[in-house]
Amino acid sequence: MYEKKWDCACECIIDDLKLRDYMHDFVAKHNGILFFKNKNAQRILYRQYKKYLKKNTLNMHIEPRYERMKRLEIEVFESKRILEEQLNKSVDFFCYPFGSYDEVSKEYVKRAYKAAFTLKIGQNMPDDDLFELKRIEVRGGDWLDKRLKIYKNPFLSRVYAKIYRKI
């Protein structure tokens, strides 16, 4: 359902569309995607940005709260409706797209689902927040058996999760 980072994970900064078009046109005129093979591409784009600012003012703003609430309403409830319709069964669990969420988006998810998964690694304990469930990665072979042994032991699970995050 989400082809890019989940928009509802935080407030959005709405960028200047004229600047975006200006930079796009510049890159298109300078070999398109191959422009970025130039080791000075970032510096060149920054100069173009400064050139743009000499003639234009930036038109950027932070999305108003009510607009974010509308997006959350649509993305959380509409995605659930579509999935249930296509699967022809109830969908009770949510996975935060790309692992991104905040307290506001979590509250909307709570209104539609029984629980939600994050991308955090580790063992879930009985008193953990049902809307911040951790995962265990699953691979083939004896890998799963080894991980189940780790995750059955709360101490080993916490140690493994801390080490895994640093890798």
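The values are calculated or read from the model by the stated rules, or taken from the named source; none is laboratory data. Treat the numbers as computed from the prediction; the structure is a model and nothing was measured. No Cβ is skipped: glycine too gets one built from the backbone with ideal geometry, and neighbour counts run over all protein chains shown. Please note that ligands, DNA and RNA were not included when accessible areas were found on the heavy atoms of the full protein model with its side chains. Shrake-Rupley method; radii C 1.70, N 1.55, O 1.52, S 1.80 Å.
A Förster distance of 35 Å, applied to the separation of the beta-carbon atoms of ASP21 and ARG71, puts the FRET efficiency at 0.90.
Per-residue SASA remark: GLU73, around 80 Å² accessible (1.4 Å probe; ligands, DNA and RNA not included).
If a spin label sat at a point 7 angstrom from the Cα of LYS50 along the line to its beta carbon, the backbone N atoms of region 26-42 nearer than 14 Å would be those of 42. Solvent-accessible surface of the chain, taken per residue with a 1.4 Å probe and all protein chains present: 73 Å². Calculate, for LYS152 and ARG81, the FRET efficiency according to 1/(1 + (r/R0)^6) with r their C-beta to C-beta distance and R0 41 Å; round to the nearest 0.05. That pair, LYS152 with ARG81, gives E of 0.65.
Top to bottom by accessible area (1.4 Å), largest first, where do LEU130, LEU58 land?
The residues order as LEU130, LEU58, largest area first.
For region 22-127, the fraction of 1.4 Å probe accessible surface lying on carbon and sulfur atoms is 56 percent. Calculated FRET efficiency, ALA41 to HIS61, Cβ-Cβ distance, R0 = 25 Å: about 0.35 to the nearest 0.05. Past 27 Å, Cα to Cα: identify those pairs from LYS106/LYS149; LYS29/LYS50; LYS29/LYS70; LYS89/LYS152, in the order given. Among LYS106/LYS149; LYS29/LYS50; LYS29/LYS70; LYS89/LYS152, the Cα-Cα distance tops 27 Å for LYS106/LYS149; LYS29/LYS70; LYS89/LYS152.
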